[in-house]
Amino acid sequence: MQRRIHVLIALSDAGDSALVDAALAETNCARSFAGDLRSVEASMGDADVILTDTEFASGAFADWLSLWPIPAVLVVAPGMDPKKLSENTADESSAFIIRDPGHDWIRYMPILVRKAASVRESLDRQNSSIIKAEGSYMNLLRAVPDIVYVLDGDGCFAYVNDAIAQLGWKPAELIGRHFAEIVHPDDLQEVCRSIVLLRYEGVKTGADSAPKLFDERRSGDRMTRGLDIRLRHRDGDAWSKAAVDSWGEISSLGVNLPEFQGTGTGTIGIIHDVSEHRELELRMSKELVARDLLLKEIHHRVKNNLQVVSSLLSLESDCVEDERAKSVFVDCQTQVQSMSLVHEQIYRGSSLEGVEASGYFARLAEYLVGVHDAKARGIQIEVTAGDIVLPIDAAMPLSIITTELVSNSFKHGFPDSRGGCVSISLTRDGSSYEFCVKDDGIGFSAAGIAGHTPGKNKGIGMDLIEALAGQLGGTMERRDGQGARTVLRFPVKSAE
């Protein structure tokens, strides 16, 4: 059933009012009349549409129609200034009609009244839906645990949700105040537009290198994402107190809103509290430093213990008169020392993940040269390992293998004061390492190295090398010819 429309008739001519009343009566409209502005105001609460003309109340009423809360139908005289007419009927639900001498305009009045009422009713429904949606949206923002804010073109808060209470503020306290109120002073120079953009004058930046700003004005790929800054607590004075600092991860973008017209592009942003995450990172960082110090201390003590063992072997060897037995003591001492150097390299290195191969083999070579008096004999040693880092599980057996092979070269490869060169190399080829010890001495056969010369049993050194090669999951190859050459290949994954 169609709703009955109530029309407030406020015309300057009583005869026109009677004619309009008769026309509207045929459409079942409710009517009431007003003779002056006071009576208009008294009847306003019941009216759905105002019907008036530009002469009523000497034109004062028509001039203020756009301020009244209900739609109007305005009767205007011929020749009225269009600009003036546009101002009087600015409300989109209002209408007008030109008064003609024959009073034909009265016949169209019911149509205009109905149309004005229908347009207003439609607008009210739309506004009601918008208000409900805005209410739901605002309730959602109040419930969101993250801080949601809107800044105007000057960087002042136009809106902030209730989550700002995490920093001790009430939303109303920040409205109209600059965003710098909640930013740590030391971080302000890194996120404030007026400060940061001065450093980018004349510099072209893409999406990846665009500056991150709290009062962001951009959108798309260049908008600010993941900006971490410290936020100021309302009651915080001493920044050294943990309770004062809150870390926020900010995402923000530029937005053009009607309330920002004339003041530049505003900003909409979200602040996610990452204080707990930051504290966890700091705690884990401290624990990692403590762990590294502890592991280095362990490696240092293991190295010292191995050196004690080496010293004991050296002392015991001094008590042995048999040269062959003394040689066994020296070999054991050398192997212990090579393992000690592994722990020393880790202790002195920058990483606990493994041993820097080039530095380790250089130290080991220097030690072996001294043990076997190689420099005085005219024997040089070369090391090539690049920037490879060996895990300790691979470095330890490889140290023993290296000591055994290099010692064999010094002992057997250069008889009769013969000089030469021994080289140690470690390279990586895809998923495997290749380790090689070679010399330009007389070779395995001529030296009669056990395990290579036909008819001879393998010595304990060769057994040890093969066992350690198997421990690495690798294969070993020995070549004779222009000196002796031993190549060991083992997988990277086994070492890791």
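The values are calculated or read from the model by the stated rules, or taken from the named source; none is laboratory data. Since we're looking at a predicted model, the values are computed, not measured. Glycine also receives a Cβ, built like all others from the backbone with ideal geometry; neighbour counts cover every protein chain displayed.
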Of all residues in the range 310-329, which are out of contact with any Leu (no Cβ under 8 Å at 6 or more places or on another chain) and buried (at least 16 other Cβ atoms within 10 Å of the Cβ)?
-> SER310, LEU313, SER317
Reported set for the range 206-222 where residues are assigned to a loop (DSSP other than H, G, I, E, B) and farther than 23 Å from VAL144 by Cα is GLY206, ALA207, ASP208, SER209, ALA210, PRO211, LYS212, ARG217, ARG218
Take the residues in the range 55-87 that are among the charged types (D, E, K, R) and under 21 Å from ALA34 (Cβ atoms), then tell me which one is modelled with the highest pLDDT.
-> GLU55
Scan the range 416-439 for residues that are over 20 Å from GLY370 (Cβ atoms) and surrounded by fewer than 19 Cβ atoms within 10 Å (Cβ to Cβ) and jot them down.
-> ASP416, SER425, THR427, ARG428, ASP429, GLY430, SER431, SER432, GLU434, CYS436
Considering residues of the range 363-410 that are part of a strand (DSSP E or B) and hydrophobic (A, V, I, L, M, F, W, C) only, the residue surrounded by the fewest Cβ atoms within 10 Å (Cβ to Cβ) | VAL389
Would you be able to say whether some residue in the range 88-107 is in contact with a strand residue (DSSP E or B) (Cβ under 6 Å, 6 or more places away or on another chain), modelled with pLDDT of 90 or more and assigned to a helix (DSSP H, G or I)?
-> yes
